[in-house]
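The values are calculated or read from the model by the stated rules, or taken from the named source; none is laboratory data. This is a predicted model, so every value here is computed, not measured. Here the Cβ is made from the backbone with ideal geometry for all residues, glycine too, and neighbour counts use every protein chain on show. Surface areas here come from the heavy atoms of the whole protein model, side chains and all, with no ligands, DNA or RNA. Shrake-Rupley method; radii C 1.70, N 1.55, O 1.52, S 1.80 Å.
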Amino acid sequence: MSLENLFLAFAGFSAGGVIAAGVFAFLAIIGVFPRLIGKTGTKRRVFLYETVLVTGGILGNISDLLEIPLGLGIGAVSQILLGLFGLSVGIFVGCLVMSLAETLKALPTISRRIRLAVGLQYVILAIALGKLAGSLVYFVKRFGG
């Protein structure tokens, strides 16, 4: 393997790690993890939560980069694992949505603090349109694959 390929691999893993860290920081800031820890009453297991989050980020980064097939087949075990995975993702997305809803409740407070008298709806609309434009570019230019 050439030095250039090693550098590119290092840059790719580093960029993926930075993106994963940003996503985890966003989830922590909006309160997903603290809320889950508080609701489950597992404050004494914070180190385990941190370890699982970091390990999941690293393994997700590696599996996305290397596209490792699981090879579970169509048997009953794979169906059970798929069902458990779907349930876990559904619970997580529900917690994320609730945290985002609570964050949106804070927008009026933020607008008062920065003395935004009128135009909060335009700020929210601009954020939504920016997200729409980014999604359209992503899918029209087929950046996803």
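Annotations for the structure displayed:
- Projected label distance in nm at S2 and I68, using a 7 Å step from Cα toward the beta-carbon: 2.8 nm
- By accessible area with a 1.4 Å probe, ligands and nucleic acids excluded, highest first: order of L96, L84: L84, L96
- Carbon/sulfur fraction of accessible area - region 1-91, other protein chains in place, 1.4 Å, %: 75 percent
- For region 1-85, the solvent-accessible area with a 1.4 angstrom probe is 80 square angstrom per residue.
- Test item: Cα-centred dipole of region 1-103, Lys/Arg +1 and Asp/Glu -1 on Cβ, debye: 580 debye
- The distance separating the Cα centre of region 25-85 from that of region 1-18 comes to 25 Å.
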